[in-house]
């Protein structure tokens, strides 16, 4: 019999009260309990980055982040990255416009990681940009247009 | 799916509380800082059978911080790789450590993985082990000491690892901090983890060198190897092959050949023994070159 | 009469523009529903109990403990189902009851309330085995007296392929130089980021709906019908958004009929998903093969003959890998002009994982052999590798020895464009490196592949229905599938271009066999070409109908009218006459009561090859050349690709953004094949079934990619386009290996060029193969 824990956190700007199992992962809380299916699992071992979300603005692998640890923190998933007036968020728009989306499975995690990176690094080097998504695997694009999209985000600035 | 046997997730807010929980634990209590190794273990169903509990260290202030302690540096056990890599103090004083932290896994993992976790998990390939061995760091562990505050003990990193996944840490102990003494004045450090990627590589071989030159002669040398034995190790024979010698081709050759035979790598899916020995030899040459420039 | 004040619309075209994918926003915002996100009412979760042994008889299966686990609703074994043999070798079954022959074999399956319970129940299923002697290489399996893996395949050889044109013996006579090499190509796999899965649901009348990842929905519908015993007209296949395909979804795998049997047994919908570990263990691989290749040339560089002898490791169950010789033949027979060619493949059963179809379908392996050996030949002849290829270059209008008619052929231009852009002549044999421990080199390789499908089935066609609503919005209903490659967007572009309406007016429906016309499926780089022509045909009919109506309504001749930006205009100067929607409404609500709904089925002009494998199998062929520059670190063995210069004959570039994405992605896949990706096997078991130790290319590892598109205007292609979905993956690895030779002087005949292989080979001065790597041939050369 395992204890269940009450977790109170903010997800995409909205307060959430959830009951979680002790070793439940953040990805399970998001996908199963909160029905936020935009976060994907690619490997469940922290090796591919598909499950990337932001916790207090920092990109983490939600497959390895304990749900209980989210208590008191702010979680941002791809559903929380929205633009003004129903438009796409500029980071998402950059990925779409530059052709950085093919099958799209890696894309939510990739965008969130890129977004967190650009917010923290307004003036990165080429190498830093490439390394920014070294933990996000894409099998479709060869990363070229993903890097282009990140550069566009840097040029235009992101909020 | 994970976590079917985990019964509780504790969130102590002080070191005392954390240590008391560990002392009083009735079922195995796993301290979790980043959790990246633990949750993978759980996912792979490699946790021991039966009930267990987790204790988060993320809100224990005594386990944070990178501070100067005189000439030494004290790093809290729950300091993340990301913090290590970004620390200007470490970049200035111990770039070999900051650099190794920056080349571990991925940014997402670095954001939560900690120095304490890296040490406690004790992979022979642990990213921070090589620089910490070079720097002759000490691991400070704490256990519940009743009213007088925690019991502390320090162990040199070189004596901390006892085998793959094994350390001298007792089940009721936490890694409170890592202490880095000032290195010998003028010693230059370098380390390298080869691979096709800058990070995202579970080391199949890595090496580090600390070199103190007196003109063209090696006044002192420190060598450390990762993923080349059943634990991260120093390389005393390779050090001897360098110490007191002039830095010429003959010394380079002897040192790298000593490294080749000094290490005791295994053959596994990441590489054969022969390849790893070849890397050990090669890395010594490379590190000497890097240290000289 | 003309009206100077009326707005005028110029002629415009979408062709060649950079058009973001129409479904990009859905996918990028996480709204797309992949199989992992799909939920149906009362759905159960399926899991599979796989074998513990590699080659064994099954003596007993005990399921009582599984059945009594709370939450378990159905447990099935082979005895509970009609176990119909399927697959190209008819040697696969949904569940194995008699024997197991490889690591992935499925013995039982469970449907339960949660996936965790289903997997737990699987762990409670006990199986007793009697081990059989295992065979881990074709060499072992071919030995006289070797146990039979499948009784029906005599000598463990289910298939043989033989092809020839000309007379190899005569060719050898004419040769001044003859070379022989043996190449070994390894196990690697698709690694789609979205792992496999299926959802099966029976309705109240026994009809079956399959939410599937298949790329061939109509063939799938027909084949599943036979396997699970539901009439095909009662099966509806709905294609779910997939997280990558790359050829992995061209076959039916046991987990799919298993889900159907579970749904039947439990009386509820069943969704069965693979986790990543299972994805590695149970997915098909790229076909591993040993290629013994001999070739000859005259001293002036004219190629005389090629003699290829291949042995395929077919693994324990047959999938499409066994048919890769069909494609490999094209390379051996027609990559450059060779008058005498002979090709033989023996496909051999073993207890290794089985291989399936994977982007390139055998062409990567064949091209690696041909293009590596050609470099060696150039060296023997004292010729520049580029000159040797140009000397034997195919030309437009030529028919190759295998009967492939090259109505257009950009091979020469691809070679010269890539070579010149990469400064080949300055660099080859002469690249310096910034530091003494680094070496740099440059290499090139070309490819040829079908560019408009391959006629291997009775029809290689595709159907389209196009429907206009009353406001000039159009719905394109196509039999072809979107597998992430952007085909939906290209088809919408073709329709918008043909009709003369904005792209936003086109909606595409492509994922439901209950609605869409027939298409043979997504493979052989056919979708742009075949589905594109089908869509164009339907659009032209719609355009003709609407213009005829407009002409009648306006009292102007049809050939004086055009449609631009959704307006009917005067063709001569673009003067706007009437909005297209009005024309449609007038047609609809007038005495005619007609709506605009058209259809078109397009069958390409290709032929099925005859019994000798000869014939024009595709209506068009894609050519490409890659030039790769590398830097080799002689201290660590790391090969760093610096730049890839790619020239592709794509006929016509339709969506510039999309085609670039295909090339960049294909280059990444080719680099993985050449440098980092390898499934390591030991005694039939995959040792690295995870992303930690199976290394995909990541962002920091990608080199600069420079692309050139040669437009040869394929007459039969939509707006001149050819299909190049596979092309960019095909010749990267040989160009890379040739570059490594240029840098180091070491010739590699096996892939991938991992740091371990390269470092130890550098030390030895020749190619070495260390022990941990699997070799399709049992004979291991030296280990140090």
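Within region A:10-44, the set of residues being touching a strand residue (DSSP E or B) at 6+ places or on another chain (Cβ under 9 Å), within 14 Å of chain C (Cβ to nearest Cβ) and not in a loop (DSSP other than H, G, I, E, B) comprises A:11, A:25, A:27, A:28, A:30, A:33. Evaluating residue B:161 against the criteria (1) surrounded by fewer than 23 Cβ atoms within 10 Å (Cβ to Cβ); (2) more than 18 Å from residue B:32 (Cα to Cα); (3) in contact (Cβ under 8 Å) with a residue 12 or more places away in the chain leaves one unmet condition, (1).
Let's see how each residue does on (1) surrounded by 23 or more Cβ atoms within 10 Å (Cβ to Cβ); (2) touching a helix residue (DSSP H, G or I) at 6+ places or on another chain (Cβ under 9 Å); (3) closer than 17 Å to residue B:200 by Cα:
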position: A:105; (1), (2), (3): yes, yes, no
position: A:109; (1), (2), (3): yes, yes, yes
position: A:116; (1), (2), (3): yes, yes, no
position: A:119; (1), (2), (3): no, no, no
position: A:124; (1), (2), (3): no, yes, no
position: A:128; (1), (2), (3): no, yes, yes
position: A:146; (1), (2), (3): yes, yes, no
position: A:150; (1), (2), (3): yes, yes, no
position: A:154; (1), (2), (3): no, yes, no
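For region B:235-242, indicate whether the set of residues that are in contact (Cβ under 8 Å) with a residue 40 or more places away in the chain, buried (at least 23 other Cβ atoms within 10 Å of the Cβ), more than 14 Å from chain C (Cβ to nearest Cβ) and part of a loop (DSSP other than H, G, I, E, B) is non-empty. No, region B:235-242 contains no residue that is in contact (Cβ under 8 Å) with a residue 40 or more places away in the chain, buried (at least 23 other Cβ atoms within 10 Å of the Cβ), more than 14 Å from chain C (Cβ to nearest Cβ) and part of a loop (DSSP other than H, G, I, E, B). Every listed requirement among (1) closer than 30 Å to residue A:24 by Cβ; (2) within 15 Å of the chain's Cα centre (by Cα); (3) in contact (Cβ under 8 Å) with a residue 24 or more places away in the chain is met by residue A:118 save one, (1).
So, residue B:19, is that one over 17 Å from residue A:66 (Cβ atoms) and either modelled with pLDDT of 90 or more or at the interface with another protein chain (Cβ under 8 Å from one of its Cβ atoms) (or both) or not? Considered against the rule, which asks whether it is over 17 Å from residue A:66 (Cβ atoms) and either modelled with pLDDT of 90 or more or at the interface with another protein chain (Cβ under 8 Å from one of its Cβ atoms) (or both), residue B:19 comes out as yes. Residues in region C:38-60 that are farther than 17 Å from residue C:265 by Cα and in contact with a helix residue (DSSP H, G or I) (Cβ under 8 Å, 6 or more places away or on another chain): C:50 alone. For region C:79-88, a residue qualifies if it is assigned to a loop (DSSP other than H, G, I, E, B) and either modelled with pLDDT under 95 or surrounded by fewer than 16 Cβ atoms within 10 Å (Cβ to Cβ) (or both), and the qualifying residues are C:82, C:84, C:85.
Only residues that are more than 14 Å from chain B (Cβ to nearest Cβ) and part of a helix (DSSP H, G or I) were counted across region A:134-154, and they come to 10. The condition of being away from every other protein chain (no Cβ under 14 Å) and assigned to a strand (DSSP E or B) does not hold for residue C:494. Scanning region B:174-225 for residues that are under 30 Å from residue B:143 (Cα atoms), over 15 Å from the mean Cα position of the chain (by Cα) and either surrounded by fewer than 24 Cβ atoms within 10 Å (Cβ to Cβ) or within 14 Å of chain C (Cβ to nearest Cβ) (or both) yields B:181, B:182, B:183. For the residues B:276, B:286, the requirement of being within 7 Å of chain C (Cβ to nearest Cβ) and within 22 Å of the chain's Cα centre (by Cα) singles out B:286. Within region C:726-737, identify whether any single residue is in contact with a strand residue (DSSP E or B) (Cβ under 7 Å, 6 or more places away or on another chain), within 14 Å of chain A (Cβ to nearest Cβ), assigned to a loop (DSSP other than H, G, I, E, B) and touching a residue at least 40 places away in the same chain (Cβ under 8 Å), and answer yes or no. Yes, there is a match, as at least one residue in region C:726-737 is in contact with a strand residue (DSSP E or B) (Cβ under 7 Å, 6 or more places away or on another chain), within 14 Å of chain A (Cβ to nearest Cβ), assigned to a loop (DSSP other than H, G, I, E, B) and touching a residue at least 40 places away in the same chain (Cβ under 8 Å). Residue C:392 fulfils the conditions (1) within 30 Å of residue C:247 (Cβ to Cβ); (2) out of contact with any strand residue (DSSP E or B) (no Cβ under 8 Å at 6 or more places or on another chain) except for a single criterion, (2). For region C:672-723: of the residues being within 13 Å of chain A (Cβ to nearest Cβ) and in a strand (DSSP E or B), which is nearest to residue C:408 (Cα to Cα)? My answer is C:707. Residues that are assigned to a helix (DSSP H, G or I) and touching a strand residue (DSSP E or B) at 6+ places or on another chain (Cβ under 7 Å): does region C:174-192 have at least one? No: region C:174-192 contains no residue that is assigned to a helix (DSSP H, G or I) and touching a strand residue (DSSP E or B) at 6+ places or on another chain (Cβ under 7 Å). Within region A:72-84, if we keep just the residues that are more than 11 Å from chain C (Cβ to nearest Cβ) and in a loop (DSSP other than H, G, I, E, B), the residue that is surrounded by the most Cβ atoms within 10 Å (Cβ to Cβ) turns out to be A:73.
Screening residue C:593 with (1) under 29 Å from residue C:461 (Cα atoms); (2) assigned to a loop (DSSP other than H, G, I, E, B) gives one miss only, at (1). Checked against (1) within 10 Å of chain B (Cβ to nearest Cβ); (2) part of a loop (DSSP other than H, G, I, E, B); (3) within 14 Å of the chain's Cα centre (by Cα), residue A:47 meets all criteria but (3).
Let's see how each residue does on (1) at positive phi; (2) in contact with a strand residue (DSSP E or B) (Cβ under 9 Å, 6 or more places away or on another chain); (3) in contact (Cβ under 8 Å) with a residue 40 or more places away in the chain:
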residue	(1), (2), (3)
C:223	no, yes, yes
C:232	no, no, no
C:239	no, yes, yes
C:242	no, yes, yes
C:250	no, no, yes
C:253	no, yes, yes
C:263	no, yes, yes
C:273	no, yes, yes
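Going residue by residue through region A:85-104, is there one that turns out to be within 14 Å of chain B (Cβ to nearest Cβ) and either modelled with pLDDT of 95 or more or in a helix (DSSP H, G or I) (or both)? Looking through region A:85-104, none of the residues is within 14 Å of chain B (Cβ to nearest Cβ) and either modelled with pLDDT of 95 or more or in a helix (DSSP H, G or I) (or both). For region B:172-181, give me each residue that is over 20 Å from residue B:232 (Cβ atoms) and modelled with pLDDT of 95 or more. Across region B:172-181, the qualifying residues are B:174, B:176. Looking at this structure, is residue C:10 at pLDDT 95 or above, within 14 Å of another protein chain (Cβ to nearest Cβ), more than 21 Å from residue C:242 (Cα to Cα) and out of contact with any helix residue (DSSP H, G or I) (no Cβ under 7 Å at 6 or more places or on another chain)? No; evaluated as a whole, the condition is false for this residue.
Per-residue answers, yes or no, for (1) touching a residue at least 24 places away in the same chain (Cβ under 8 Å); (2) in contact with a helix residue (DSSP H, G or I) (Cβ under 8 Å, 6 or more places away or on another chain); (3) part of a loop (DSSP other than H, G, I, E, B):
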{"residue": "B:195", "(1), (2), (3)": "no, yes, yes"}
{"residue": "B:208", "(1), (2), (3)": "yes, yes, no"}
{"residue": "B:212", "(1), (2), (3)": "yes, no, no"}
{"residue": "B:220", "(1), (2), (3)": "yes, no, no"}
{"residue": "B:230", "(1), (2), (3)": "yes, no, yes"}
{"residue": "B:264", "(1), (2), (3)": "yes, no, yes"}
{"residue": "B:281", "(1), (2), (3)": "yes, yes, no"}
{"residue": "B:291", "(1), (2), (3)": "yes, no, no"}
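If a residue must be within 14 Å of chain A (Cβ to nearest Cβ) and surrounded by 16 or more Cβ atoms within 10 Å (Cβ to Cβ), how many such residues does region B:50-98 contain? Before the answer, list the steps.
First, the residues of region B:50-98 that are within 14 Å of chain A (Cβ to nearest Cβ): B:50-60, B:78, B:80-83, B:85-86.
If we keep only those that are surrounded by 16 or more Cβ atoms within 10 Å (Cβ to Cβ) as well, we get B:52-60, B:78, B:80-83, B:85-86.
Qualifying residue count, region B:50-98: 16.
If you go through region A:50-71 and keep only what is touching a strand residue (DSSP E or B) at 6+ places or on another chain (Cβ under 8 Å), at the interface with another protein chain (Cβ under 9 Å from one of its Cβ atoms) and within 16 Å of residue A:13 (Cα to Cα), you end up with A:55, A:71.
The values are calculated or read from the model by the stated rules, or taken from the named source; none is laboratory data. Worth saying up front: this structure is predicted, and the values here are computed from it rather than measured. A quick note on method: Cβ atoms are made from the backbone with ideal geometry, for glycine too, and the neighbour counts reach across all protein chains shown.
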